[in-house]
Amino acid sequence: MLAGRLLARVSRHRACLATIGNGSLPQRLISQAILPRTPITVANSNIFQGTNANRWLSSSQIETESSLDSATYERVCSDTLDALCDYFEELTENASDLQGTDVAYGDGVLTVNLGHKYGTYVINRQTPNKQIWLSSPTSGPKRFDFVGTVTAGRWVYKHSGQSLHELLQQEIPGILKAQSVDFLQLPYCS
């Protein structure tokens, strides 16, 4: 999908440059302006790596993008959010050192309030994009795509390659210091 969008963008830019000055620009300048130096292959499509393309392709080169149908996305997303809700409820119930905690889940939105000192995590489904979005008081907003298969897949932030569960495993133990925390045992974190 990403390779297709990049190829379409390159084609549009080529067409625009070819029309500038009714073709009076030398082909050498058009090629240098549009085509970066190094070809790379992603998902059996050749695209070219330039300064902007390099930023977009960092972790998606390694992972295979999943093409979940809508029903499978809904099931995987619900299973993920249900498991996270249950786990956060368990963690906050056992957190005697935190005051004012609350876990709420409804309409595809999981809200985990860890008190005034630590803030609120919001994790929600984004059905049109087939993503899960996270708003973290520690690391800010992130959008996670499902990569892999239903049996061996995970929610990945493609800019860094970090999974949703890895990010929570990194941030939450610093808040719940008196407990053992293991988000990596939940579904869809492999």
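The values are calculated or read from the model by the stated rules, or taken from the named source; none is laboratory data. Please read these numbers as outputs of a predicted model, since none were measured by experiment. Positions of Cβ are backbone-derived with ideal geometry, glycine not excepted, and every protein chain shown enters the neighbour counts. The protein model used for the area step is the full one, side chains on, heavy atoms only, and it has no ligands, DNA or RNA in it. Shrake-Rupley method; radii C 1.70, N 1.55, O 1.52, S 1.80 Å.
Okay, here's what the table says:
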| item | result |
| --- | --- |
| Residues within the stretch 48-81 that are under 19 Å from the mean Cα position of the chain (by Cα) and either modelled with pLDDT of 50 or more or open to solvent by 70 Å² or more (accessible area, probe 1.4 Å) (or both), tallied | 23 |
| Close pairs (7 angstrom Cβ cut-off, 6 or more residues apart or separate chains): within 25 Å of LYS177 (Cα to Cα) in the stretch 115-136, surrounded by 15 or more Cβ atoms within 10 Å (Cβ to Cβ) and acidic (Asp, Glu) anywhere | SER136/GLU171 |
| Among (1) assigned to a strand (DSSP E or B); (2) touching a residue at least 40 places away in the same chain (Cβ under 8 Å), the one test that TYR87 misses | (1) |
| Residue tally, condition open to solvent by 60 Å² or more (accessible area, probe 1.4 Å) and farther than 23 Å from SER96 by Cα, over the stretch 153-183 | 3 |
| Residues located in the stretch 110-148, provided they are β-branched (Val, Ile, Thr), within 14 Å of ILE172 (Cβ to Cβ) and assigned to a strand (DSSP E or B) | VAL112, THR120, ILE123 |
| Residue in the stretch 178-187 that is over 15 Å from THR80 (Cα atoms), touching a Lys or Arg at 6+ places or on another chain (Cβ under 9 Å), β-branched (Val, Ile, Thr) and part of a loop (DSSP other than H, G, I, E, B) present | no |
| Single residue of the stretch 88-119 satisfying the filter (closer than 23 Å to ARG154 by Cα and of a type outside the set (A, V, I, L, M)) that is surrounded by the most Cβ atoms within 10 Å (Cβ to Cβ) | PHE88 |
